[in-house]
Structure formats: structure tokens, C-alpha cells
Amino acid sequence: MTDRATAREELPPQVAEPATMTVLTRVRELIVTGQAAAGSWLKAEALAKQVGVSRTPVRSALAVLTAEGLVSYSVNKGYAVKEITLRDIFDAIDARSVLESRACCLSVDYGWSDAELVELRGYVQASAAILQCGEWSEGIERNWYVINRNLHALIMNVSRNSAIRNAVRMTLLYPIFGDIARLSPVVASHVPQRFRLLPTQPPGYILEMHQDYVTILNAIESEDAGLAGELMLRHILKERSRLAGIATRL
């Protein structure tokens, strides 16, 4: 594994200015949580002041969000928040499942370095440590989802496929820092209140997601590319099934 990982051709990582990434994260969060309503205009000057950066990274971030489908651009009026539907959410999950499954498969084909495997194990262990505490809150949930995001990003990076990485960015139409059923107004409007309550213990679907990470890690360590890809596909589609099962107000 180490020899293959050393010999592989490295693709240059995606690099973005820190200020642009800051704006991207902030504005994307405003949109997917409904703080920036559909149809509202996004003014570069106001956003720059709010985030504490110049207008240049704001314009760059808005261009990225336009490519992702969260924002539309009008020559005469500027940038506006696009309306997102529940259908859009499901379509995005479907697309992401296929893309990340392929990326997971490719990561095994190209080979993981020892350092990358150590990092992957670290995320799985960090997830386990959070869940073993047996408590759940908004802060704990967010911390767990940060680990979740980092784990997925690592697998994407090890795939060495910039086209897939760029395509996945187009599927980020929903929160990746907490339960979409509660945090996304698009989804929450279809979900009964009882399914949107924040539990005091780790919810079952989170425990199942963690177990998925354990099995995906095992497949990667066993260098079984096909199994790793299949497990990632099932893992992501479980979220679609969960949402479809509780979104009763269609």
C-alpha cells in the first residue's frame, strides 16, 4: 500500500483564499438555514462588512455559490438567493451518493499513505469518543458533524479526482453541520415537530452512521475498492431514506 501511495501521481489540491472560504462557509450557512431567504439579494459590500473582509473574496465566494446552484446572478441586479425545494435536496443526495461512492473506490485504487490512514482512523476514533459519552446537544451535534465533514473530505482528497470534488460541491444544498430535518427550513417544513426535536442522547441514525464509518475504514484498510465504494453509496443513501421516511407533509 505504501509503495503504491508513494508512486501515485499527485493532483494539486484545490486551493482557495482563506477569506473566500470564510465567506463561502458563512453565506452558505445563511442560505441553507433560511437566514437568507429565497429571493433576497446578497450585497457584496454588506457581506464584506458582516464577515470582516474586503469585497474581492465576497465576489469570489458569490461566484462559487452561483456555480453550486444556491445563488443566481442578474447582470443588472446582482446576486440573489435561489429557492431550494425538497426535490432539490433529494436530487442532491442522489448525485452525491454516486460521486462519493466512486471517490471512495478510487481512493483505494490509488492507495492510501500511512499518514492518510492515520488521519482517517483518527476521525473514526473521534466520532466514537463523542458517542461513547452518551450525551447529545447542539454543540455536540455540530462537533460530530465537523468530524463527519472532515472524514468525507479526506476520502475525496485521497481519490485524487478534482472533477469529482468539483461536482460534489454542486450537491451541497443542505446543512452539513447538523440534522437537516431540523436545521433546513426546506426540509423542516415537511417534517412533523416530533422528528425535529433535539434528543439528549445520540440519535439512532448517528450511531448507524458511525458504524458505517467503521466498516468503510475496514474496507479501505483491506484494500477492497469495490466494497468501500458500495458501503459509501449505502451510507449516503441512508440519509435520503431517513428524510423520505419522516417528511410526511408532502
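Computed from the coordinates by the stated procedures, all read-outs in this text should not be read as laboratory data. Keep in mind the model is a prediction, meaning the values are calculated, not measured. Every residue, glycine as well, gets a Cβ built from its backbone with ideal geometry; the counts of neighbours run over all protein chains shown.
Backbone geometry of region 67-74 corresponds, through the Karplus equation with coefficients 6.51, -1.76 and 1.60 at θ = phi - 60°, to 3J(HN,Hα) couplings of 5, 6, x, 8, 9, 10, 10, 10 Hz, x marking Gly and Pro.
K77 to E208: FRET efficiency via 1/(1 + (r/R0)^6), r the Cβ-Cβ distance, R0 41 Å, to the nearest 0.05? Result of the calculation: an efficiency of 0.35.
Residue by residue, region 193-209 carries 3J(HN,Hα) couplings of 4, 4, 8, 9, 6, 7, x, 9, 10, x, x, x, 5, 5, 4, 5, 4 Hz when phi is fed to the Karplus relation 6.51 cos²θ - 1.76 cosθ + 1.60 (θ = phi - 60°); x denotes Gly or Pro. Multiplying the residue separation of R87 and A38 by 0.36 nm and removing their Cα-Cα distance gives an extension gain of 16.1 nm. By its C-alpha gyration tensor, with a ≥ b ≥ c as the square roots of the eigenvalues, how is region 18-81 shaped: rounded for a/c under 1.5, else prolate for a/b larger than b/c, else oblate? Judged from the Cα gyration tensor, region 18-81 comes out rounded (a/c under 1.5). Exposed loop positions in the chain were taken to be GluC sites (Glu not before Pro) whose DSSP state is not H, G, I, E or B and which have at most 16 other beta-carbon atoms within 10 angstrom. Between these positions, the longest stretch is 136-222. Taking amide H positions as modeled 1.01 Å from N, with prolines and chain starts lacking one, the residues under 5 Å from W136 and 5 or more places away or on another chain are Q201. 3J(HN,Hα) along region 106-122, derived from phi through the Karplus expression 6.51 cos²θ - 1.76 cosθ + 1.60 where θ = phi - 60°, amounts to 5, 4, 6, 4, 6, x, 9, 6, 4, 5, 5, 5, 4, 5, 5, 4, x Hz, with x in place of Gly and Pro.
Comparing Cα centroids, region 44-91 and region 119-139 end up 33 angstrom apart. Taking all Cα-Cα distances within the chain, those exceeding 25 Å account for 48%. Remark: the M21-S222 segment gains 68.9 nm on full extension, using 0.36 nm per residue and subtracting the alpha carbon distance.
Near the amide H of V71, within less than 5 Å, lie the amide hydrogens of T66, K82, all on another chain or at least 5 residues away, with H placed in the peptide plane.
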